[in-house]
Amino acid sequence: MPNSPDLQQVLAERVRFYRELGIYDFYRREIGGNPDPSAAATRHNELASRSEFSEPPALPPSPITPQEMTPEKALRAIREDIGDCTRCVLHKQGRKQIVFGVGNPKAEIMFVGEAPGADEDQQGEPFVGRAGQLLNNMISAMGLRRQDVYIANIIKCRPPGNRTPEREECDTCSPFLMRQIDVVGPKMLVALGAVAAKTLLGVNDAMVNLRGRIYDFRNTKLAVTYHPAYLLRDPRQKKEAWKDLQMVMRHLGMTVPKGDKEQGTGGT
């Protein structure tokens with residue numbers, strides 16, 4: 001049955017709403033009969049080559065209209081979508097809760113770590129342990145407060161024993177982070193550590209090669225620095241981390257404090 005102009009307008013608004021949530025791919029389900037795999041592939045390729053859909057597909061009704069959508073509500077919708085996640089093995093390996101993200105939903109700077117630790121798993125907030133205290137000092141050295149930025153991780157469940165997240169876990173969980181990034185829309189992402197940097201950039205390289213430059217990433221910029229937990233193990237690298245933060249500040253037009261503020265990234 002052909003769509004009326006009013007129905008097309010309603011569908012177009014619904015599509016815009018889902019895009020604000022970070023959902024971009026829609027698929028048309030055929031009615032009746034067994035689908036033809038080759039026809040489905042052809043249809044998918046046709047949709048992928050278009051910047052807009054000529055006939056937006058009908059979507060389930062939403063309690064929030066596009067006019068009511070805010071970054072806060074969009075982030076809340078992503079968190080609800082995650083639910084009590086069982087998408088990877090971590091839900092069976094001792095995690096207590098999902099650690100989603102915290103901070104200003106309209107932040108200009110977003111910090112991304114690798115995974116929650118024991119303190120984060122207990123409190124449900126990223127970077128609240130010793131590494132979190134150091135990150136707070138790093139943020140303060142930039143002339144900002146923790147509540148001015150947004151903080152999240154590549155994965156949202158604590159790996160057992162704080163081990164390094166596995167590739168499958170990162171691949172499963174990172175799409176939710178990408179949606180968070182799209183909602184917050186920061187001017188700069190700061191990847192904290194090798195796992196965050198390699199996952200976001202999609203490269204396998206040493207930190208020494210990843211640091212020291214600004215990357216283009218999802219309509220924003222990205223810089224790489226050391227994870228605060230690594231700086232606690234090797235305090236000699238705090239000065240290098242401060243250079244990375246100074247580079248970020250200069251790129252954003254922020255005032256860079258005079259003198260050596262490496263001590264500003266100190267802490268316990």
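The values are calculated or read from the model by the stated rules, or taken from the named source; none is laboratory data. Computed from a prediction, not measured in an experiment: that's the story for all the values here. Glycine gets a Cβ as well: all are built from the backbone with ideal geometry, and neighbour counts include every protein chain shown. Surface accessibility is based on the protein's heavy atoms, side chains included, excluding ligands, DNA and RNA. Shrake-Rupley method; radii C 1.70, N 1.55, O 1.52, S 1.80 Å.
Of all residues in the range 61-80 being at pLDDT below 95 and outside any helix (DSSP H, G or I), which is nearest to ASN153 (Cα to Cα)?
Among those residues, the one meeting the criterion is MET69.
Counting only residues that are touching a Phe, Trp or Tyr at 6+ places or on another chain (Cβ under 8 Å), give me the strands (runs of 3 or more DSSP E) lying completely in the range 161-253 with at least 3 of them.
188-192, 220-225
Among the residues of the range 103-122, how many are open to solvent by 40 Å² or more (accessible area, probe 1.4 Å) and either farther than 15 Å from ARG158 by Cα or modelled with pLDDT under 95 (or both)?
3
Do you know which residues across the range 67-92 are farther than 14 Å from CYS173 by Cβ and surrounded by 13 or more Cβ atoms within 10 Å (Cβ to Cβ)?
Correct list: MET69, THR70, PRO71, LYS73, ALA74, LEU75, ARG76, ALA77.
Of all residues being over 20 Å from GLN122 (Cα atoms) and among the β-branched types (Val, Ile, Thr) in the range 142-179, which is most open to solvent (accessible area, probe 1.4 Å)? Just the residue, please.
Among those residues, the one meeting the criterion is THR172.
Give the residue that is farthest from PRO71 (Cα to Cα), with candidates limited to residues of the range 151-180 that are of a type in the set (D, E, K, R) and without any contact (Cβ under 8 Å) to a residue 24 or more places away in the chain.
Result: ARG163.
In this structure, does MET188 turn out to be in contact with a helix residue (DSSP H, G or I) (Cβ under 9 Å, 6 or more places away or on another chain) and buried (at least 16 other Cβ atoms within 10 Å of the Cβ)?
Considered against the rule, which asks whether it is in contact with a helix residue (DSSP H, G or I) (Cβ under 9 Å, 6 or more places away or on another chain) and buried (at least 16 other Cβ atoms within 10 Å of the Cβ), MET188 comes out as yes.
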